[in-house]
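Engineer: Before I ask anything, here is the structure I am working with.
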Amino acid sequence: MTGALMEVAGLAKHYPVRRGLLSRITGQVRAVDGLSFELFRGETLALVGESGCGKSTTARLVLRLIEPTAGTVRFEGADITGLRGDAMRKLRRRMQIVFQDPFASLNPRMTVAEILEEPLIVHSIGNGAARRARVAELLGLVGLAPYHAGRYPHEFSGGQRQRIGIARALAVEPALVVCDEPVSALDVSIQAQVVNLLKDLQARLGLSYLFIAHDLAVVKHVADRVAVMYLGRIVEIGPKDDVFANPRHPYTRVLLSAIPRPDPHRKLARSAAGSETPGGDVPSPANVPPGCRFHTRCPFVIDRCRAEDPALHDIEPGHLSACHRAEELPAAAAMETVQAAAPAAARRLALYAERRATQQAAG
């Protein structure tokens, strides 16, 4: 990993709440509310958090699929926040996305060849023969055969459709691929294949990934760094091993403690501070609590948390937390669950790689 490919500063997206006959604005839904992070060349930055925390909105903001309310996005050294027209179209060759639903994201009236040729036509890349050759190359790149080019999306399995989505994203040779929960709609065995395919492609093509996911076992396998979001903000970010082994925000600890245990009869150890299970529901982004956004659910809350909004600050080099008590939190309670779950996840995700190596040796 060398150099920052993308730099995000103060990124926000607020949606107005309108009421009454005159549709007057009475409030704001703060879907994303002041994100700042960097994504380095050749790395995978995982963005994790509960549904509704703003992960997918962040993905669309950095790609300029929706316009930000505030903040800036710098890509390859240039501020892209205000780009329009041809300048924005040229930029899109460098930034692509793989969507969560591999069926809804593909046009059912187009063949695979037409789907993969479309970005080449939009960006005026090659002639007819060159495009057909590129389609065959892309299909081979994601593990499909040339004869698949004449089929329609409904003729494929979910995993194959996601491979087509990945091939489409790679058609214009991007530097950044945003993976918006690319495996959450797939069976577990197929998840392993797609995750290993993404890792292989990253190594071969030098890609950078912004990887959005719910499954922390998958994140532990695929990510280099992890950013944890809660109510539109990043509350912890750092190297994967540091965040998993030594989480320094109570919300991160809650997410890790929710990883399913391989042995359901084994009781989960608790810290001296007691249970880390949060109380209450996630507050509405239209009515964000004052002070720390997590204080209404935090088992370690103090008066300062209710009054003062904590800023991200360094715990260790490269490991940041937005918690007033980050340095004094007791040892994490659920780390044995993470350590127990990780080997099983690694075996599951490595199965495809082993089979692929065997097939290549036999061929």
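Engineer: G85 - would you say it is at positive phi, of a type outside the set (K, R) and crowded, with 19+ Cβ neighbours inside 10 Å?
Structural biologist: In short, no.
Engineer: Go through (1) assigned to a helix (DSSP H, G or I); (2) within 10 Å of V48 (Cβ to Cβ); (3) within 15 Å of the chain's Cα centre (by Cα) for F211 and report which single condition fails.
Structural biologist: The failed condition is (1).
Engineer: Scan segment 113-136 residue by residue and report those that are part of a loop (DSSP other than H, G, I, E, B) and more than 25 Å from G42 (Cβ to Cβ).
Structural biologist: Initial filter on segment 113-136 (part of a loop (DSSP other than H, G, I, E, B)): 123-127.
S124, G126, N127, listed by residue number.
Engineer: Give just the number: which of (1) surrounded by 20 or more Cβ atoms within 10 Å (Cβ to Cβ); (2) within 24 Å of the chain's Cα centre (by Cα) does A185 not satisfy?
Structural biologist: Evaluating A185 over (1) surrounded by 20 or more Cβ atoms within 10 Å (Cβ to Cβ); (2) within 24 Å of the chain's Cα centre (by Cα) leaves (1) as the failure.
Engineer: Next question, about the same structure. Just to be sure I understand the filter: pairs with C-beta atoms under 8 Å, separated by 6 or more residues or on different chains, first member in segment 225-253 and under 11 Å from I315 (Cβ atoms) and hydroxyl-bearing (S, T, Y), second member surrounded by 24 or more Cβ atoms within 10 Å (Cβ to Cβ) and modelled with pLDDT under 95. Which pairs pass?
Structural biologist: none
Engineer: Looking only at segment 142-158, decide whether some residue is buried (at least 16 other Cβ atoms within 10 Å of the Cβ) and polar (S, T, N, Q).
Structural biologist: No: zero hits.
Engineer: Okay, moving on. Looking at segment 118-126, is at least one residue in contact with a Leu (Cβ under 8 Å, 6 or more places away or on another chain) and either of a type outside the set (D, E, K, R) or modelled with pLDDT under 95 (or both)?
Structural biologist: Yes, because at least one residue in segment 118-126 is in contact with a Leu (Cβ under 8 Å, 6 or more places away or on another chain) and either of a type outside the set (D, E, K, R) or modelled with pLDDT under 95 (or both).
Engineer: For G54, state whether it is over 13 Å from S208 (Cβ atoms), out of contact with any Phe, Trp or Tyr (no Cβ under 6 Å at 6 or more places or on another chain), of a type outside the set (S, T, N, Q) and buried (at least 17 other Cβ atoms within 10 Å of the Cβ).
Structural biologist: yes
Engineer: If I filter segment 95-112 down to residues being outside any strand (DSSP E or B) and touching a strand residue (DSSP E or B) at 6+ places or on another chain (Cβ under 7 Å), which single residue comes out as modelled with the lowest pLDDT? Quick ask: steps written out before the conclusion?
Structural biologist: To start, the set of residues in segment 95-112 that are outside any strand (DSSP E or B) comprises 99-112.
Okay, now just the ones that are also touching a strand residue (DSSP E or B) at 6+ places or on another chain (Cβ under 7 Å), so 99-100.
Numbers: F99: 93, Q100: 90.
Only one residue tops the list, namely Q100.
Engineer: Only one residue in A227, A192, A203, A223 is surrounded by fewer than 23 Cβ atoms within 10 Å (Cβ to Cβ) and of a type outside the set (K, R). Which one?
Structural biologist: Within the list A227, A192, A203, A223, the selection yields A203.
Engineer: S51 versus (1) assigned to a loop (DSSP other than H, G, I, E, B); (2) closer than 23 Å to R74 by Cβ; (3) of a type in the set (S, T, Y): which is the lone unmet condition?
Structural biologist: In the conditions (1) assigned to a loop (DSSP other than H, G, I, E, B); (2) closer than 23 Å to R74 by Cβ; (3) of a type in the set (S, T, Y), S51 misses (2) alone.
Engineer: Just one of A59, A4, A70 is buried (at least 19 other Cβ atoms within 10 Å of the Cβ) and among the small types (G, A, S); which is it?
Structural biologist: A59
The values are calculated or read from the model by the stated rules, or taken from the named source; none is laboratory data. Fair warning: this is a prediction, and the values are worked out from it, not measured in the lab. A quick note on method: Cβ atoms are made from the backbone with ideal geometry, for glycine too, and the neighbour counts reach across all protein chains shown.
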